[in-house]
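S.K.: What follows is a single structure, and I will ask about it in a moment.
The values are calculated or read from the model by the stated rules, or taken from the named source; none is laboratory data. Computed from a prediction, not measured in an experiment: that's the story for all the values here. For neighbour counting, all protein chains shown are included, and Cβ atoms are generated from backbone atoms with ideal geometry for every residue, glycine included. We work out accessible area using only protein heavy atoms, side chains counted, and drop any ligands, DNA or RNA first. Shrake-Rupley method; radii C 1.70, N 1.55, O 1.52, S 1.80 Å.
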Amino acid sequence: TGFILSKFDSFALATFGSAVQLGYYKMAQNLSVQLPRNILREASIVFYTDASSNSKQENLNNSYRLNLIASFGLMFLCVCSFFLADWLVPVVLGKHWVEATNLIKVFLGILPLILLKNLQVNLSKVLGFVKKYTSLLIVYSLFFLITIGFVSQQSSLMVAFVYVMLDYAFTIASTILFYHHQKEVKFSVLEFLFMILIGVFILISYLTINLY
């Protein structure tokens, strides 16, 4: 399932778009999603190890809160990167990748969600309800395939936006599932604020790109 999901958006764009469009899309996705995801996977292991080795309620809450603060830090980094992208892309990647700038900006919305989502899934293993995430992933996968297949006929920017929105929706569903099946980690206003701000950032980034 993971392999199909990771390749389907590229396959759909290759089918309905051009090779140039697909090239810009993959560069933006690799730079804004895949590379940070691989790096943050290691950070997630640190948070998970700390939480699982200190399974008392207070320690679980402390580990989760630290993870949330780190996610806020990532959000701040994404906002800064969004405003600096028009200058950074030609300097770092070269002028021939300027066309990928707007795609990079849209994909930035996924970055702050990675740590939080990974820790929720990992803690579900410690707390004994990881199988619930399998059902959620199946539903998400079906919805992803149908939606991406439909919007890929429009533009690579639309595919990127829907890709990010689906990931955001999955994180919300993951959070609801997480708090429904355990009582050790307490939901906080900080986390609610984080989810709202990320949604606003994703929406405003896409609207700003389309307006200008």
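S.K.: Testing THR101 on (1) under 25 Å from PHE72 (Cα atoms); (2) more than 14 Å from the chain's Cα centre (by Cα); (3) touching a residue at least 12 places away in the same chain (Cβ under 8 Å); (4) open to solvent by 40 Å² or more (accessible area, probe 1.4 Å), one condition comes back false. Which one is that?
M.R.: Checking THR101 against (1) under 25 Å from PHE72 (Cα atoms); (2) more than 14 Å from the chain's Cα centre (by Cα); (3) touching a residue at least 12 places away in the same chain (Cβ under 8 Å); (4) open to solvent by 40 Å² or more (accessible area, probe 1.4 Å), the one that fails is (4).
S.K.: OK, next. Looking at (1) at pLDDT below 90; (2) of a type in the set (Ser, Thr, Tyr); (3) surrounded by 15 or more Cβ atoms within 10 Å (Cβ to Cβ), can you tell me which one THR147 breaks?
M.R.: Condition (1) is where THR147 drops out.
S.K.: If you scan the range 1-35, which residues turn out to be among the aromatic types (Phe, Trp, Tyr) and either loosely packed, with under 13 Cβ neighbours inside 10 Å or on the phi > 0 side of the Ramachandran plot (or both)? First the steps, then the outcome.
M.R.: Quick first cut of the range 1-35, residues among the aromatic types (Phe, Trp, Tyr) only: 3, 8, 11, 16, 24-25.
Of everything in the range 1-35, just one residue is among the aromatic types (Phe, Trp, Tyr) and either loosely packed, with under 13 Cβ neighbours inside 10 Å or on the phi > 0 side of the Ramachandran plot (or both), namely PHE3.
S.K.: Out of the range 116-168, which residues are under 19 Å from SER32 (Cα atoms) and among the polar types (S, T, N, Q)?
M.R.: Residues of the range 116-168 that are under 19 Å from SER32 (Cα atoms), as a first pass: 116-118, 148, 155-168.
Listed by number, the residues that qualify are ASN118, SER155, SER156.
S.K.: Looking at (1) over 19 Å from ALA85 (Cα atoms); (2) modelled with pLDDT of 75 or more; (3) crowded, with 19+ Cβ neighbours inside 10 Å, which is the one condition that is false for SER44?
M.R.: So SER44 meets the others, but not (2).
S.K.: Evaluate the range 158-180: report whether one residue or more is more than 21 Å from LEU108 (Cβ to Cβ), open to solvent by 40 Å² or more (accessible area, probe 1.4 Å), free of Cβ contacts under 8 Å to residues at least 60 places away in the same chain and not in a helix (DSSP H, G or I).
M.R.: Initially, the range 158-180 is screened for residues more than 21 Å from LEU108 (Cβ to Cβ), giving 173, 176-180.
Subset that is open to solvent by 40 Å² or more (accessible area, probe 1.4 Å): 176, 180.
Adding the requirement that they be free of Cβ contacts under 8 Å to residues at least 60 places away in the same chain leaves 176, 180.
If we keep only those that are not in a helix (DSSP H, G or I) too, we end up with none.
No, that holds for no residue.
S.K.: Has the range 184-202 got any residue that is more than 26 Å from GLY23 (Cα to Cα), of a type in the set (D, E, K, R), open to solvent by 80 Å² or more (accessible area, probe 1.4 Å) and free of Cβ contacts under 8 Å to residues at least 40 places away in the same chain? Let's see the steps before the verdict.
M.R.: The initial filter retains those residues of the range 184-202 that are more than 26 Å from GLY23 (Cα to Cα), namely 184-200.
Next, from what is left, pick out any that are of a type in the set (D, E, K, R): 184, 186, 191.
Next, only the ones that are open to solvent by 80 Å² or more (accessible area, probe 1.4 Å) stay: 186.
Within this subset, residues satisfying the condition of being free of Cβ contacts under 8 Å to residues at least 40 places away in the same chain are none.
No; the residues of the range 184-202 include none that is more than 26 Å from GLY23 (Cα to Cα), of a type in the set (D, E, K, R), open to solvent by 80 Å² or more (accessible area, probe 1.4 Å) and free of Cβ contacts under 8 Å to residues at least 40 places away in the same chain.
S.K.: Condition check: crowded, with 20+ Cβ neighbours inside 10 Å, over 28 Å from LEU123 (Cβ atoms) and over 18 Å from the mean Cα position of the chain (by Cα). Does SER152 satisfy that? Before you say what the answer is, go through the steps one by one.
M.R.: Details: crowded, with 20+ Cβ neighbours inside 10 Å: yes; over 28 Å from LEU123 (Cβ atoms): yes; over 18 Å from the mean Cα position of the chain (by Cα): yes.
Against the criterion (crowded, with 20+ Cβ neighbours inside 10 Å, over 28 Å from LEU123 (Cβ atoms) and over 18 Å from the mean Cα position of the chain (by Cα)), SER152 qualifies.
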